[in-house]
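Inspection log for the structure reproduced underneath, given as structure tokens.
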Amino acid sequence: MSDILEEITSSEYKYGFTSNIEMETAPKGLSEDIIRFISQKKNEPDWMLEFRLQAFRKWQTMEEPKHWAHLNYPKIDFQDIIYYAAPKPKKKLNSLDEVDPELLKTFEKLGISLEEQKRLSGVESTIAVDAVIDSVSVKTTFKEVLAEKGIIFCSFSEAVHEHPELVKKYMGSVVPYTDNYYAALNSAVFTDGSFCYIPKGVRCPMELSTYFRINTSGTGQFERTLIIADEGGYASYLEGCTAPSRDENQLHAAVVEIIVHENAEIKYSTVQNWYPGDKDGKGGVYNFVTKRGICFGDNSKLSWTQVETGSAITWKYPSVILKGNNSVGEFYSVAVTNNYQQADTGTKMIHLGSNTRSTIVSKGISAGFSNNSYRGLVRIGKGAKNARNFSQCDSLLMGDKCGAHTFPYIEIKDKSAIVEHEATTSKIGEDQLFYCKQRGLDTEKAVALIVNGYCKEVLNKLPMEFAVEAQKLLAVSLEGSVG
Amino acid sequence: MNTISTINNVQLISEVFTERLSQLPGGNNVQEIRRKAIEQFTKLGFPLRSNEEYKYSDTSKLFKEGINLAHADDDISKVDFNKYKQKNIDAYHIFLANGELISTESDKIENNKVEVCDLKTAAEKYDKIFNQYYGSSVAKFNDAFAQLNIALASKGLFVYLKDRAKLDKPLFIHNISTGTDNHFFQTHHLIIAETLCSIDIIEDFYSQTNSNQYILNSLAEIFVKEQGIVNYYKLQNENENAIHINTTHAVQDKQSLFDTNTVSLGGKWGRNNLNILMNGINCESHLNGLFVLKGQQHLDNHTLVDHQNPHCESNQLYKGILSDKSSGVFNGKIYVRKDAQKTNAYQSSKSMLLSDDASMNTKPQLEIYADDVKCSHGSSTGQIDTNALFYLRARGLSEDSARKLLMYAFALDVINTVKIEPYRHYLEELIENSLN
């Protein structure tokens, strides 16, 4: 069994290449000057710069959160990070021919061929991709097709220029810059991200997707995503991320805000595969992310699905504020940690409206020397009549050097609420393994089968295109790592 | 001199400590433990909401009006101890007033293998054992109240069983508090059951009158040695002004059994820390708790089961019924260390909210570092099942009595785990009354 473990723990991170794209970077460090530099580079209006500076001033007064999460890492030197890096030359890209060929190669390696997308552009139900390298969104596909329906899907910088009224109205409305340390940092230095607006009554015909990649050494990635579904709108949004293998730790602090109006629905899926560090825990991405959505109108629905396999450290709690009556929040998560990875992830469901419902299904798998924690909050506010929550958090341990933890917070202030929480921790059952092996499967295949079955509830919630990738990812990171 | 202003509570407590230290029971190393504890307490201060363990229970309000550390023992003579004795429970009844053992009222135990005395006597008569055990189990427990108790406690009960002793009847400890005007006092029990000894202990807490107001910070250290059995049942039924802080810390050696049941009915503000440390293999423990809160009551139940060794089993069941403006907290942690393979640990917490102003905060936690384990927790919060209510009403019960019956049944799950029959009946009666 130990050699199988060895094989797995030594399996290489397949997205660990770097691309030789000429980059333009800001000097290291963080100050008001750097923020002005970023803002100027992006040719931003004054109100945007003002927002950044306010956030920066707030950030300076805040303390780095350390005490509560089940994580352990050295102090981050925020002056040793490059806050802006963009592929050079930076000019407006109108067709793919103008894109740096090196860049296109990068995307091919990542498995998202922009050219392919282009060729298929007439066909419905493929994916519209917004690709973000380091600080800048390099290409958004299918924009024209979407525009016909009135859907706005573009980079955040573009939205600031072209739809300032929407950005002004919604930016910071769900995650204010005062929210937490990393949200404040992001608000001050965020460089790009995706913006999406679904107009009234429009059902987005294709999956929307953003692909994030950290490329330049020593950079931090701070992207900001804003999604708005107006009354009766629907969209399914996918997010993927990778980074090159480096010895140093890279910082990723993103903010995602989602606003769902009456009768609208957003489905947000993530496959997070940042570089997790090598097998001795060296390097890897620090993933400190604030994701939050609000079900603003009645009968609205927001669903988070995440498959977390990467990052040295994950600190992430996609949340739903259920403000509208009859609104629904969902959270489905598979978090896998191996080697020296640490994950502290979960969700928050804040029930404010009547007849609101939320479901939480979290599956944690820890192997190697890793620690995997679920931390979640279910809060039923006073006056949230007939609120209903069901939470299930299961953890699977592989090996005796790892840890699996569950820290749920359940706060109930209304008597009509029904809240249930269940959690279990165990290893793969000997009897299950025996059953599979006895029918001719080897250990590796048996474990893959059992783990896939264990995660099925969550994987089923992913859009087709991602489900396949996620299943492969799980297989790569875990096959047979049971002792 | 001892009524202290809020701002300097911590500082003045440490001054009082220095003044009293030489008179506190225990030899040199106990004095050292006390000194370390007060140091720790001064460092921690009274916990605020920013302390994760006190997230839902702010203690700053409790000490707003200052505290009174002076002994108010004059009124002990006025206490009618007979009133607190449950006559139909056949047991050794022991009375403590503000932690002071009242020997004249207490039953004598005619068993030379079992010693029951106060801390002062124990520190002289059993100096070796006292010095070895006092404060040892909680020294590392990072809680301000526990540390303060270790530092300042001079009163409480010492229970020591040796030579395979088995006490024939339960030991019933009655704690009566007479304090008024923020009287803040510490009681400390030290209970040691040597190898193959077994004992049933019932402990209840009452206030002398319906309104005397005090802050009790009690602590029980319980050591269950190899193959020992300790059943420990606690009932807190104080008046609506009382503030009750309790830490129960059990250390189990191999193949021992610790069974505990905590029923909380009274008090204005309560906090129960129940810590179990499994120091040997094949330990078993059961933690059951019930609370019925009304009015403005606040109760915070914290449990920690530390599985340090393999093949141990723990079981928890906590239930609460909350009405009016009461608020409850359940925070249970199962901690399984790296070597504690083959651990079975279960936890279940259920609460019922009967009013829109009541609130319940639950935080069941699992922290697990061993892979071959079976651990689970479940938690649910809700109201009375309407189907069950309909069923009973269809059979002719009034809505009121149907509700009461369902609540009673809900509570009974916990009461049924009590092994001493007459005490169980006594609890049943109390619960029935408190649901009325």
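The values are calculated or read from the model by the stated rules, or taken from the named source; none is laboratory data. All values reported here derive from a predicted model rather than from experimental measurement. Glycine also receives a Cβ, built like all others from the backbone with ideal geometry; neighbour counts cover every protein chain displayed.
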Checking A:ALA404 against (1) buried (at least 24 other Cβ atoms within 10 Å of the Cβ); (2) of a type in the set (Gly, Ala, Ser); (3) more than 7 Å from chain B (Cβ to nearest Cβ); (4) within 23 Å of B:CYS375 (Cα to Cα): exactly one of these is not met. Which one?
(3)
Among the residues of the stretch B:154-179, count how many are over 18 Å from the mean Cα position of the chain (by Cα) and in a strand (DSSP E or B).
3
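How many residues does the stretch A:34-71 hold that are away from every other protein chain (no Cβ under 14 Å) and either among the small types (Gly, Ala, Ser) or outside any helix (DSSP H, G or I) (or both)? Even if it seems obvious, please write down each step before you answer.
First, the residues of the stretch A:34-71 that are away from every other protein chain (no Cβ under 14 Å): A:34-62, A:64.
Now restrict to residues that are either among the small types (Gly, Ala, Ser) or outside any helix (DSSP H, G or I) (or both): A:39, A:42-45, A:55, A:62, A:64.
Selection size over the stretch A:34-71: 8.
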Would you check if B:LEU405 is surrounded by fewer than 18 Cβ atoms within 10 Å (Cβ to Cβ) and within 25 Å of the chain's Cα centre (by Cα)?
no
Just checking, which of A:VAL419, A:VAL468, A:VAL451, A:VAL447 is more than 14 Å from every other protein chain (Cβ to nearest Cβ) and in contact with a strand residue (DSSP E or B) (Cβ under 9 Å, 6 or more places away or on another chain)?
A:VAL451
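With A:LYS413, A:LYS427, A:LYS385, A:LYS437 as the choices, which residue is of a type in the set (D, E, K, R), within 9 Å of chain B (Cβ to nearest Cβ) and over 28 Å from the mean Cα position of the chain (by Cα)?
Values: A:LYS427 fails: over 28 Å from the mean Cα position of the chain (by Cα); A:LYS385 fails: within 9 Å of chain B (Cβ to nearest Cβ); A:LYS437 fails: within 9 Å of chain B (Cβ to nearest Cβ).
When all the criteria are applied, what remains is A:LYS413.
Residues of the stretch B:232-255 being over 16 Å from B:THR180 (Cβ atoms), under 13 Å from the mean Cα position of the chain (by Cα) and in a strand (DSSP E or B), which ones?
If the condition is that a residue be over 16 Å from B:THR180 (Cβ atoms), under 13 Å from the mean Cα position of the chain (by Cα) and in a strand (DSSP E or B), then B:TYR232, B:TYR233, B:LYS234, B:LEU235, B:GLN236, B:ILE245, B:ASN246, B:THR247, B:THR248, B:HIS249, B:ALA250 are the ones that fit.
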Among the numbered criteria (1) modelled with pLDDT of 90 or more; (2) in a loop (DSSP other than H, G, I, E, B), which single criterion is violated by A:ILE321?
(2)
When the residues of the stretch B:206-231 are filtered to those that are part of a strand (DSSP E or B) and β-branched (Val, Ile, Thr), which remaining residue is farthest from B:TYR133 (Cα to Cα)?
B:ILE215
For the list (1) touching a residue at least 40 places away in the same chain (Cβ under 8 Å); (2) polar (S, T, N, Q); (3) in a loop (DSSP other than H, G, I, E, B), I need the number of the one condition that B:ASN112 fails.
(1)
Is at least one residue of the stretch B:61-70 of a type in the set (Val, Ile, Thr) and in a loop (DSSP other than H, G, I, E, B)?
no
Of all residues in the stretch B:215-230, how many are closer than 21 Å to B:GLY99 by Cα and either over 9 Å from the mean Cα position of the chain (by Cα) or surrounded by fewer than 24 Cβ atoms within 10 Å (Cβ to Cβ) (or both)?
6
Taking the stretch B:80-99 as the search range and keeping residues that are crowded, with 19+ Cβ neighbours inside 10 Å and out of contact with any His (no Cβ under 6 Å at 6 or more places or on another chain), which one is nearest to B:ILE215 (Cα to Cα)?
B:ASN98
Working carefully through the options B:MET352, B:MET360, find the one that is under 25 Å from B:SER314 (Cβ atoms), surrounded by 15 or more Cβ atoms within 10 Å (Cβ to Cβ) and facing chain A (nearest Cβ under 7 Å).
B:MET360
Could you list, in sequence order, the residues of the stretch A:421-463 that are in contact with a Ser or Thr (Cβ under 7 Å, 6 or more places away or on another chain) and surrounded by fewer than 14 Cβ atoms within 10 Å (Cβ to Cβ)?
A:LYS437
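Condition check: aliphatic (A, V, I, L, M) and within 11 Å of chain B (Cβ to nearest Cβ). Does A:ILE360 satisfy that? Let's see the steps before the verdict.
On the way: aliphatic (A, V, I, L, M): yes; within 11 Å of chain B (Cβ to nearest Cβ): no.
No.
Test A:ILE76 against the stated conditions and say whether it is part of a helix (DSSP H, G or I), at pLDDT 80 or above and of a type in the set (Val, Ile, Thr). Reasoning before the result, please.
Numbers: part of a helix (DSSP H, G or I): no; at pLDDT 80 or above: yes; of a type in the set (Val, Ile, Thr): yes.
No.
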One residue is enough: does the stretch B:329-338 have a residue meeting the conditions polar (S, T, N, Q) and either surrounded by 21 or more Cβ atoms within 10 Å (Cβ to Cβ) or more than 9 Å from chain A (Cβ to nearest Cβ) (or both)?
yes
